[in-house]
Amino acid sequence: MHSPSENLKAQRIQSPDWDGALPGDFQISVVIPVYNEVRTVAQVIERIRGCGLPCEILLIDDGSTDGTGELLERWRDQPDLVIHFQDRNQGKGAALRAGFALATGNIVIIQDADLEYDPNEYRRLIAPIVLGDADVVYGSRFQAGPIQRHAFWSYYGNRFLTRLSNIFTRLHLTDMETCYKVFHRDVLAVLRPQLREDGFGIEPEITAHLARIPGIRILELPISYSSRSYAAGKKLRLRDAFWAIWCILRYHWIR
């Protein structure tokens with residue numbers, strides 16, 4: 001790893017000067033936890049395929065009951081897809097751990113199975129890692145201006161959790177809870193054995209463990225975001241916010 005930034009602060013940069021060229025054997029692993037997303041998962045896959053980058057797409061079905069599992073089963077023969085079925089619904093964190101264990105790419109990206117995040121952002125998000133300027137990149141929903149249809153409590157809840165996390169990690173993130181976390185595979189190899197959260201607590205846990213890696217370089221870039229409503233399938237609830245607070249405290253004290 002490289003020498004640390006000042007106090008391990010997250011640095012914010014604009015899009016680097018990069019022509020987009022990648023080595024011939026370069027691959028991106030996109031890890032997608034999937035739970036009851038039969039209406040959107042096919043569109044997400046097509047958007048990833050349309051991003052213009054070589055992607056290994058890992059779909060981790062977390063015990064879906066709406067027909068998602070049957071849909072994924074029909075796609076098993078597609079060469080760019082890696083499909084894994086959890087034996088029961090365990091949560092986003094458990095699905096991510098399963099996906100991380102299967103990922104083989106040079107860079108690993110977390111992608112949700114809904115349509116809130118745009119895979120066309122990938123090229124910009126991986127650029128600092130490809131150029132050797134970062135080890136991890138967070139895509140911030142709050143650097144790009146107003147967020148479309150973002151619920152009041154969700155918006156301020158995210159901002160509060162990020163600020164609380166920053167107090168303990170000494171990072172200067174603007175969006176700790178973002179889905180778009182992008183890792184160099186060497187960082188993920190250090191991070192993966194430490195992860196234990198099964199649910200949405202995986203977000204503050206990842207951030208806490210990353211902040212303790214000597215010399216880690218974490219950058220933030222603005223991303224677009226189109227929030228969906230709870231009626232449309234959004235899964236975060238108030239209890240998840242309280243658990244996130246617990247995880248921020250817990251992983252500050254537990255090494």
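Every number here is computed from the coordinates shown, using simple stated rules; none is lab data. Please read all numbers here as calculations on a predicted model, not as lab measurements. Note that we place each Cβ from the backbone using ideal geometry, even for glycine, and neighbour counts take in every protein chain shown.
The range 172-204 and the range 50-113 have their alpha-carbon centroids 17 Å apart. How would the range 25-253 be classified by its alpha-carbon gyration tensor: rounded, prolate or oblate, with rounded meaning a/c under 1.5 and the a/b versus b/c comparison settling the rest? Rounded is the answer for the range 25-253, as its axis ratio a/c remains below 1.5. Per-residue extension of 0.36 nm, minus the Cα-Cα distance of A21 and D77, leaves a gain of 17.3 nm for this segment. Extending 7 Å from the Cα toward the beta-carbon at both R47 and A101 defines two label points whose distance is 2.9 nm. Neighbour counts of other Cβ atoms within 10 Å put C51, C247, C179 in the fewest-to-most order C51, C179, C247.
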